[in-house]
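Okay, so here's the structure we're looking at.
Where a number appears in this text, it was derived from the coordinates with a stated rule and is not lab data. All values reported here derive from a predicted model rather than from experimental measurement. Here Cβ is always computed from backbone atoms with ideal geometry, including for glycine, and neighbour counts include all displayed protein chains.
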Amino acid sequence: METNYKEGTTYTNPARYTEGAIKEKKMLSAINKKPFLKKTASYVKLSGPGFLGAAMTLGAGSFASSIVLGASYGYTMLWIPIYSFAFGLFMLALATRFVTGSEMPIIVAQDKYHGKFFGSFSTGIVACFLGCVIYSFGQYALGADAVEQIFTTIGYGIPKGSGWMLILGISAPLSLLYSRGGDGAKFVKIVENIMKSLIVLMIAVFALVVGTTGINIPAATRGILIPTLPSGIDGIIMMIASLTAVLGVMDWVLFNNGMFNRGYSEEHETLGRFDAVFGGLIPVALVLSLVSIAFAEAFSGNPSAPTTSSELASALMTIVPSIWIKVGFYVGVVSLIITTMIGLSILCVSSFCQSTGLPQDSTKWYYKALLMAPHVGVMGAYFGKPVAVVIFVAAMQSCLNWVSGNSWYLLGNDQRFLGNKIIKSRFFNIGICVTLSILNMVFITFVLSKLGAWPA
Amino acid sequence: MMNEANKLDKKYFGIRGRVLMLALLFLFNAMVVTGASLHYTFGKTSVIMIIGAIGTIVSIGILSTPATLLDENEETVGSDVAYSEESN
């Protein structure tokens, strides 16, 4: 499929017209009329792209920040992942509207209505493509350490850094399988189901760990329901940083592309919104909260919270007594990295093709090369993160994410793109504008910190 | 609401009202952050931060107005209507 915007081209999503997709569309028309419980049960079976989005959010970065929040602030910051993702839901709902209301890929639509700076450059290349390649280093660094810890725990030492082979060996074939699509997105659904299983596995093993470390239920309930922040500038810094961790353009675009690849049409809108909560919010909130709770119990009052990948990977060694629960914890970390790497690969290829106009043909050599591009991060297992490059890309993203966000808001209110499917709810627009304000503030704090007027 | 939406989607000096409001929202967001930095880091007045916060809330209130749905054949009518093809 030709993707980059060309004058006079009519854009169609081939995935919408496969036999399987048409069958699913008819089925959804019937499901949407069913009573709530029956409808929910059917949506659970059909969900999938939400888990892709969750996989992207649940990476080494959010895992590390949950550990630090739990270890440093105990239960008081448990609300952060839930509230942050809840804000992100507005953008995910907008991503759903784009797919169900138009057949034009989102980056192409940005190119057409706002120009290539907003679409191909800001959203496609900087936010998504570069992000996918650069952030993979941190994933591999943590994943490789976790694999080594599994083998060390059961008494089989493996050479330092070699843990990346397991991550690459599982995530690369699954990314290739996803890209084959198939009738009714057959292969897409297979990979989505594997992602679901891995996310369920993460929740189960982290719950087991919490079962071992213990949990203060009244404190956890307070921490989840009542938002509190340190007073003064520290509170503002923490709020902006935490909200940014789960309010990323990459998450929105991956969720959008996931639905695009499944051939979502008008009938899928409610399913898409359900999926954002069931496949996105719930798993993300559960996994990050469980990790925070484990470390709140383990490190409460201890100033030496783990920060490096090897410290993070071995953090629970002395606290969890059972070997098998230790192994389970590391298996959970490895699952988290594998699902993130699959998400990064899929987003890398789709964002690059949409930005440059290359056809998304999975039989072409460049498609496979782009799909494998994030796996350059295996070097992270030996050398860690290329800090200067990560800072450069993160800085570019801070400067451009708000540009992409503004463009999305305008597209959601643009009849030329969505026809009569434009946003009609004031509440929906408020949620999007609050998200935009957060993205704006991230950019402004970045500029102020460079000027020395904001604590770095 | 219809009138407010029309104003938002009209062009002023060649720029859509909605885009101008987004620029204003950005300005108020900048005032919140800069004001917070001045107040908490340098011990200056909190007025800038408060004006920024109020402006942010008002801007979001205005930007939340949904666009008015036009008929398909109305889309390119009138050079000041934002949905015209020239408004790219």
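Kindly state, to the nearest 0.05, the FRET efficiency for A:Leu37 paired with A:Glu266, given R0 = 22 Å and r defined as their beta-carbon distance. Don't skip to the end; give the middle numbers.
On the way: r = 24 Å, r/R0 = 1.08.
Computed FRET efficiency for A:Leu37 and A:Glu266: 0.40.
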Check your understanding: Excluding A:Val147 itself, what net charge comes from residues whose Cβ is under 15 Å from its Cβ, given Lys and Arg +1 and Asp and Glu -1?
Key -> 0
**Study point:** Spin-label model distance (nm) - B:Thr41 vs B:Leu27, 7 Å beyond Cα toward Cβ
**Key:** 2.3
Point to revise | Distance between modelled label sites at B:Ile57 and A:Tyr11, nm, 7 Å Cα→Cβ extension | key: 3.8
Practice item. List, in order, the whole-Hz ³J(HN,Hα) value for each residue of segment A:364-369 obtained from phi through the Karplus relation with A = 6.51, B = -1.76, C = 1.60 and θ = phi - 60°; use x for Gly and Pro. Key: 7, 5, 5, 5, 5, 5
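Apply the a/c threshold of 1.5 to the C-alpha gyration tensor of segment A:1-145 and tell me whether it is rounded, prolate or oblate.
Values: a/c = 2.20, a/b = 1.24, b/c = 1.77.
It comes out oblate by the Cα gyration axes.
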Exercise for review: From other protein chains only, count the Cβ atoms within 10 Å of every residue's Cβ in B:34-47, then give the mean.
Suggested key: 3
Exercise for review: Please report, largest first and rounded to whole Å, the three semi-axes of the ellipsoid equivalent to segment A:98-213, where each semi-axis is the square root of five times an eigenvalue of the C-alpha gyration tensor.
Suggested key: 35, 19, 15
Exercise for review: Using only the alpha-carbon atoms of segment A:126-184, report the extent along each of the three principal axes, biggest first, to the nearest angstrom.
Suggested key: 45, 31, 13
**Study point:** Pairwise label distance in nanometres, A:Phe151 with A:Trp324, each label 7 Å out on the Cα-Cβ vector
**Key:** 2.3
Check your understanding: Residue separation times 0.36 nm, minus the C-alpha to C-alpha distance between A:Ser29 and A:Lys45: what's the value?
Key -> 4.2 nm
Exercise for review: Round to a whole angstrom and tell me the spacing of the C-alpha centers of segment A:186-208 and segment B:1-71.
Suggested key: 42
**Study point:** Computed lengthening from A:Thr221 to A:Lys424, 0.36 nm per intervening residue step minus Cα-Cα distance
**Key:** 69.5 nm
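With r defined as the distance between the Cβ atoms of A:Glu19 and A:Val434 and R0 fixed at 45 Å, what FRET efficiency is calculated, to the nearest 0.05?
Details: r = 42 Å, r/R0 = 0.92.
For A:Glu19 and A:Val434, the calculated efficiency is 0.60.
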Revision key, fill the gap. Non-local residues with an amide H under 5 Å from the amide H of A:Ile422, with H modelled 1.01 Å from N and Pro and chain starts lacking one, are none
Point to revise | Euclidean distance of C-alpha centroids, segment A:321-380 and segment A:100-133, integer Å | key: 20
Exercise for review: Please arrange A:Arg426, A:Arg97, A:Arg262, A:Arg273 by counting, for each residue, the other beta carbons lying within 10 Å of its beta carbon, fewest first.
Suggested key: A:Arg426, A:Arg273, A:Arg97, A:Arg262
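Step through the table entries A:Lys45/A:Lys326; A:Lys424/B:Lys10; A:Lys45/A:Lys186; A:Lys25/A:Lys45; A:Lys25/A:Lys189; A:Lys45/A:Lys368, compare each Cα-Cα distance with 20 Å, and write down the pairs that go over it. Before the final figure, lay out the partial values.
Values: A:Lys45/A:Lys326 32 Å; A:Lys424/B:Lys10 18 Å; A:Lys45/A:Lys186 14 Å; A:Lys25/A:Lys45 14 Å; A:Lys25/A:Lys189 15 Å; A:Lys45/A:Lys368 30 Å.
Exceeds cut-off: A:Lys45/A:Lys326; A:Lys45/A:Lys368.
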